[in-house]
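Asker: Encoded as structure tokens, here's the structure I'll be asking about.
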Amino acid sequence: FAPDKLIWAAGGTPLKPKSISGLDGPNVYPATEALRNLCDVGQTVVIAGGGMVGVEIALHLDRMGKQVTVVEMADHMLPIPGFVMNDELLKKQMHASHIDFRPATKLLSVEGGIHGNTLQVEHAGAQETIPCDTLLLALGFAPTAAQAQETYGDICDVVCIGDSLATKKIIDAIHEAYEAVRSL
């Protein structure tokens with residue numbers, strides 16, 4: 001193909017902070033892989049990140065009968081407000097779930113083995129060990145716009161939209177896509 005313009009809607013890549021050791025170990029997956037059934041999720045699951053993605057996968061796994069713990073560095077779950085109705089529904093479902101939500105809890109490190117992981121976390125200055133079969137990462141996304149420009153920028157004009165620029169809500173990505181197509 002020899003396009004005049006490319007609309008890059010490839011989203012972002014899941015973050016794995018280098019400051020947390022062990023994130024490349026066994027049984028550690030991006031939450032998005034679990035949502036798409038691309039990895040085996042054990043019975044005891046810890047989700048690092050209590051934003052929208054982390055809470056939604058936690059609720060899904062809770063309904064499947066998994067034992068779920070969510071650790072979030074912020075002082076409360078869902079630290080970035082969403083749509084009011086969506087937030088209220090999620091909070092009602094969180095309250096009715098069996099999930100162990102742990103706000104103000106920082107993931108320090110992960111030690112993995114064939115039979116699961118051991119997580120070191122810190123809450124209120126005290127460290128604790130949490131065992132789990134699977135660790136799912138819901139720590140945000142890194143934009144891919146630079147990759148798009150590097151790969152295709154010398155071929156054609158590249159217009160990046162949605163999470164390829166920065167983590168956003170779906171309504172923002174839809175609006176950007178509409179504007180990008182409308183400008184053709």
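Asker: In this structure, is residue 57 over 14 Å from residue 107 (Cβ atoms), surrounded by 21 or more Cβ atoms within 10 Å (Cβ to Cβ) and not small (Gly, Ala, Ser)? First the steps, then the outcome.
Answerer: Numbers: over 14 Å from residue 107 (Cβ atoms): yes; surrounded by 21 or more Cβ atoms within 10 Å (Cβ to Cβ): yes; not small (Gly, Ala, Ser): yes.
Considered against the rule, which asks whether it is over 14 Å from residue 107 (Cβ atoms), surrounded by 21 or more Cβ atoms within 10 Å (Cβ to Cβ) and not small (Gly, Ala, Ser), residue 57 comes out as yes.
Asker: Consider residue 67 against the criteria (1) over 28 Å from residue 170 (Cα atoms); (2) open to solvent by less than 60 Å² (accessible area, probe 1.4 Å): it satisfies all of them except one. Which criterion is unmet?
Answerer: All conditions pass for residue 67, except number (2).
Asker: Out of all the residues in region 13-25, is one or more more than 25 Å from residue 146 (Cβ to Cβ) and either surrounded by fewer than 18 Cβ atoms within 10 Å (Cβ to Cβ) or aromatic (Phe, Trp, Tyr) (or both)?
Answerer: Of region 13-25, the ones more than 25 Å from residue 146 (Cβ to Cβ) are 21-22, 25.
Those still in the list that are either surrounded by fewer than 18 Cβ atoms within 10 Å (Cβ to Cβ) or aromatic (Phe, Trp, Tyr) (or both) too: 21, 25.
Yes: region 13-25 contains one or more residues that are more than 25 Å from residue 146 (Cβ to Cβ) and either surrounded by fewer than 18 Cβ atoms within 10 Å (Cβ to Cβ) or aromatic (Phe, Trp, Tyr) (or both).
Asker: Among (1) in contact with a strand residue (DSSP E or B) (Cβ under 7 Å, 6 or more places away or on another chain); (2) of a type outside the set (A, V, I, L, M); (3) without any contact (Cβ under 8 Å) to a residue 40 or more places away in the chain; (4) over 22 Å from residue 20 (Cα atoms), which single condition is residue 98 missing?
Answerer: (1)
Asker: If you take the residues in region 166-184 that are surrounded by 17 or more Cβ atoms within 10 Å (Cβ to Cβ) and under 14 Å from residue 7 (Cβ atoms), which one is farthest from the chain's Cα centre (by Cα)?
Answerer: Filtering region 166-184 for residues that are surrounded by 17 or more Cβ atoms within 10 Å (Cβ to Cβ) and under 14 Å from residue 7 (Cβ atoms), the one farthest from the chain's Cα centre (by Cα) comes out as 180.
Asker: Here is a check on your reading of the model: is residue 111 within 26 Å of residue 162 (Cβ to Cβ) and open to solvent by 20 Å² or more (accessible area, probe 1.4 Å)?
Answerer: Working: within 26 Å of residue 162 (Cβ to Cβ): no; open to solvent by 20 Å² or more (accessible area, probe 1.4 Å): yes.
Answer is no for this residue.
Asker: So, in region 98-112, exactly how many residues are assigned to a strand (DSSP E or B), among the small types (Gly, Ala, Ser) and either within 24 Å of residue 56 (Cα to Cα) or within 17 Å of the chain's Cα centre (by Cα) (or both)? Give the steps one after another, and end with the answer.
Answerer: Here is the first cut: in region 98-112, the residues assigned to a strand (DSSP E or B) are 100-102, 105-112.
Now narrow it down to the ones that are among the small types (Gly, Ala, Ser): 109, 112.
Imposing the further condition that a residue be either within 24 Å of residue 56 (Cα to Cα) or within 17 Å of the chain's Cα centre (by Cα) (or both) reduces the set to 109.
Residues meeting the conditions: 1.
Asker: Go through region 77-96 and count every residue that is within 18 Å of the chain's Cα centre (by Cα) and open to solvent by less than 100 Å² (accessible area, probe 1.4 Å).
Answerer: 9
Asker: Sticking with this structure for a sec: Restricting to region 30-51, name every residue that is open to solvent by 40 Å² or more (accessible area, probe 1.4 Å), over 23 Å from residue 145 (Cα atoms) and either in contact with a Cys (Cβ under 7 Å, 6 or more places away or on another chain) or acidic (Asp, Glu) (or both).
Answerer: 40
Asker: In the set 25, 11, 42, which member is of a type outside the set (D, E, K, R) and within 26 Å of residue 180 (Cβ to Cβ)? Lay out the reasoning, then the answer.
Answerer: Values: 25 fails: within 26 Å of residue 180 (Cβ to Cβ); 42 fails: within 26 Å of residue 180 (Cβ to Cβ).
Answer to the check: 11.
Asker: Of the residues 163, 172, 133, only one is without any contact (Cβ under 8 Å) to a residue 40 or more places away in the chain and not β-branched (Val, Ile, Thr); which? So that I can check it myself, show each step before the final result.
Answerer: On the way: 163 fails: without any contact (Cβ under 8 Å) to a residue 40 or more places away in the chain; 133 fails: without any contact (Cβ under 8 Å) to a residue 40 or more places away in the chain.
Within the list 163, 172, 133, the selection yields 172.
Asker: Scan region 117-165 residue by residue and report those that are open to solvent by less than 70 Å² (accessible area, probe 1.4 Å), polar (S, T, N, Q) and touching a helix residue (DSSP H, G or I) at 6+ places or on another chain (Cβ under 9 Å).
Answerer: Residues satisfying the conditions are 134, 144, 164.
Asker: Pairs only if they're at least six apart or on different chains, beta carbon under 8 angstrom, first in region 2-20 and over 23 Å from residue 34 (Cβ atoms), second among the polar types (S, T, N, Q) and surrounded by 12 or more Cβ atoms within 10 Å (Cβ to Cβ); list them, first residue then second.
Answerer: Close Cβ pairs (under 8 Å, with a partner that is among the polar types (S, T, N, Q) and surrounded by 12 or more Cβ atoms within 10 Å (Cβ to Cβ)) amount to 8/144; 8/164.
The values are calculated or read from the model by the stated rules, or taken from the named source; none is laboratory data. Please read these numbers as outputs of a predicted model, since none were measured by experiment. Note: ideal-geometry Cβ built from the backbone for every residue, glycine included; neighbour counts use all protein chains shown. Ligands, DNA and RNA are stripped out before the accessible areas are found, and what is left, the full protein with its side chains, is counted by its heavy atoms. Shrake-Rupley method; radii C 1.70, N 1.55, O 1.52, S 1.80 Å.
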